[in-house]
Structure formats: structure tokens, C-alpha cells
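Colleague: Structure incoming, see below.
The values are calculated or read from the model by the stated rules, or taken from the named source; none is laboratory data. Note that the structure is a prediction, hence the values are computed from the model and not measured. We place every Cβ from the backbone using ideal geometry, glycine too, and count neighbours over all the protein chains shown. Ligands, DNA and RNA are excluded from the accessible area calculation, which covers all protein heavy atoms including side chains. Shrake-Rupley method; radii C 1.70, N 1.55, O 1.52, S 1.80 Å.
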Amino acid sequence: MEHSSENVYALAFGAHPDDVELSCGATLLKIIREGRSAAVCDLTKGELGTLGSAATRKRESEDARDVMGYSARVRLDLGDGKLWYNEKNLHAVIGVIRRFRPTVVFANPPEERHPDHIKASRLIADAVYYAGLKQLVTLDDTGKAQDPHRPPHLFHYLQFRHIEPDIIVDVSDTFQASRAGVLAFGSQFYREGSEPRTLINRKEFLTGLEARARYFGEQIGTMYGEGLLTTGTPGIRNFTGLFA
């Protein structure tokens, strides 16, 4: 696991490598370009994926980290297809939250096509709460007890299933650049003659991804948008900076 001594503003979790880039990469890049830091945590190695090995997906996730400019990217091994809700997995996610102490957490959506995405959503949401409990002890890699930390904001990004978002982020200035983070996962996408076919290596998939961003952008009068689900009611401090 890669170490970082710095807190981050945003911490994005994904059940599998590429979940984050496909769903909220342009938002993360926007946060970074606004002068804040962002880190990513993949909960599994993605070893059950039809295309690409765990080693390939690790290399791709590191390439995505570099091209996107994340402060760090860590990979847990909670088991692709075995992402169970249990104490061990919950404490592992809590440990990552306490390590990076983010203000904002991004997680898989609670309703989804892939069972791992649903399980990850609950694990992350509960870990955000439990990470603030002083009596719940987790240890860092040196064996030292971690300080409690409860992130004030949790958002769920959108994946395969269409859900009307609670908020839409204007990512017109970062969407095209964020495609480099998506394309870092080349083993997962269309290549001439590649077999077998999967949902995301169809030739039309990346075009559809852009169409969704255009649809969300259209809802707020911009070129591109990324939709998020809120888990609380956000307060407004800078009113004039609120609107796209």
C-alpha cells in the first residue's frame, strides 16, 4: 500500500479499478484544478473481470493515478465478487478514511447492476460514520492507533443504472481531460478483434459515456455534467459561486 502523510480534500472509493474514473473522474479533476487534493481507493483488485488480469489492472490504475494527478491511489484486497459486509472489510475501509481524513467522500451508488457496487456502497457509507467513533480502534501500517475522523460530506456517483441525480457538477472544463484517466484502463475497452464481448468493451460504450455527460450538462445549461446523489442537505457558504 502506497503511503501518504497528507490529508486530502476528496477521497473516492470504487469497488473495482476504473469505477471512479468512469463515474466521477471529471469531478475529481475539477477539484484538483481548483487547488485541492484527491486520492482514490480501489476496494478490490478486479481479479474476476472478464478482461485483464489483476496485475494488468494494477498497472492501469497506477497510470490513471499519474495522468489524473491524484495525491495517492491505494488498493485493498477485499475480494472481487466477495466484497462481503463484515467487520474485517468495514475496518479496512475505516482505516483508509482515517489515514486520508477527507472532507468529501465519493462512493458507488446504492442501487446498481453489479452486486459488488451495491455492497461497496453500504460498506463505504457505514465506514464514513463509524470512522468518527473514538471507541472503535483501527491501526495504521506501523501498528499505531488511528485518530477518529468522520468526513462531513458523502456523495454517491452514478454508474450503469440511470438515477436522477440530486446535484450535477459542471465538468465542461475537465471532461475531455478526464478521458485520459478512463483510457488508462485500456484492457477494458474496445479493441478491434478483442474477445469476449463485455458491457463496457462494446464499441459504443465510450460514446455512451460522453452522451450521459452531455445529457447531465444539458440539464444545467453547460456542455458536460456529472451527477451525484447526496446523503445530506449541503449548506451554502458562497452563494454567488454556487451556480454554473
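Colleague: Once you've got the GNM for the chain with C-alpha springs shorter than 10 Å, pick whichever of E218, E21, E47 has the biggest mean-square fluctuation.
Modeller: E218
Colleague: While we're looking at this one, here's another question. Where Lys and Arg each count +1 and Asp and Glu each count -1, what net charge lies around A131 among other residues with Cβ under 11 Å from its Cβ?
Modeller: +3
Colleague: If you build a Gaussian network model of the chain, linking Cα atoms that sit under 10 Å apart, which residue out of G181, G46, G69 swings the most?
Modeller: G69
Colleague: Counting other Cβ atoms within 10 Å of each Cβ, which chymotrypsin sites (Phe, Trp or Tyr not before Pro) in segment 36-129 have at most 15 and sit in a DSSP loop?
Modeller: For chymotrypsin sites (Phe, Trp or Tyr not before Pro) across segment 36-129 that sit outside H, G, I, E and B with at most 15 neighbouring Cβ atoms in 10 Å, the list reads W84, Y85.
Colleague: Right, another one. Given charges of +1 on the Cβ of Lys and Arg and -1 on the Cβ of Asp and Glu, with all other atoms neutral, how large is the dipole of the chain about its Cα centre, in debye to the nearest 20?
Modeller: About 320 debye.
Colleague: Considering the dipole of the chain built from charges on the beta carbon (Lys and Arg +1, Asp and Glu -1) around the Cα centre, which of A145, T233, H114 is farthest to its positive end?
Modeller: Among A145, T233, H114, the one farthest towards the positive end of the dipole of the chain is A145.
Colleague: Tell me which of A72, F160, Y215 sits at the most positive position along the dipole axis of the chain, charges placed on C-beta atoms (Lys, Arg +1; Asp, Glu -1).
Modeller: Checking the options against the dipole of the chain, the answer is A72.
Colleague: Right, another one. Residues with beta-carbon under 13 Å from that of S53, excluding S53: net charge, scoring Lys, Arg +1 and Asp, Glu -1?
Modeller: +1
Colleague: Report ³J(HN,Hα) in whole Hz for each residue of segment 79-84, in order, from the Karplus equation J = 6.51 cos²θ - 1.76 cosθ + 1.60 where θ = phi - 60°; Gly and Pro get x.
Modeller: My calculation for segment 79-84 gives x, 5, x, 10, 7, 6 Hz in order.
Colleague: Another one. Hey, got a sec? Which chymotrypsin sites (Phe, Trp or Tyr not before Pro) in segment 201-244 land in a DSSP loop and have at most 13 other Cβ atoms within 10 Å?
Modeller: F243
Colleague: Moving to a separate point now. For the chain, give the share of DSSP beta bridges that are antiparallel, in percent and rounded to the nearest 5; count only bridges with both residues there.
Modeller: So the antiparallel bridges in the chain amount to around 35 percent.
Colleague: When the helices in the chain are scored as -39500 (n - 2.57) per DSSP H run of 4 or longer and the sum is shared across all residues, what 222 nm value do you end up with, to the nearest 500 deg cm²/dmol?
Modeller: Calculated mean residue ellipticity at 222 nm is -11000 deg cm²/dmol.
Colleague: So, one more: Using a 1.4 Å probe, what is the accessible area per residue for the chain, in Å²?
Modeller: Per residue, the chain has 49 Å² of solvent-accessible surface.
Colleague: Give, as a single signed number, the net charge of other residues whose beta carbon lies under 10 Å from the beta carbon of C24, with Lys and Arg counted +1 and Asp and Glu -1.
Modeller: Around C24, the charge tally is -2.
Colleague: Once you've got the GNM for the chain with C-alpha springs shorter than 10 Å, pick whichever of A213, A12, A180 has the biggest mean-square fluctuation.
Modeller: Answer for the Gaussian network model of the chain: A180.
Colleague: Amide H to amide H under 5 Å from G225: which residues, 5+ apart in sequence or cross-chain, H placed 1.01 Å off N in plane?
Modeller: The answer is V171, R214, F216, G217.
Colleague: Looking at the chain, which longest stretch skips every one of the trypsin sites (Lys or Arg not before Pro) that is in a DSSP loop with at most 14 other Cβ atoms within 10 Å, leaving the sites themselves out?
Modeller: No qualifying site falls inside 1-81, the longest such stretch.
Colleague: For the cross-link pairs K30/K119; K88/K144; K88/K119; K45/K203, which exceed 19 Å when the distance is taken from alpha carbon to alpha carbon?
Modeller: Violating the 19 Å Cα-Cα cut-off are K30/K119; K45/K203.
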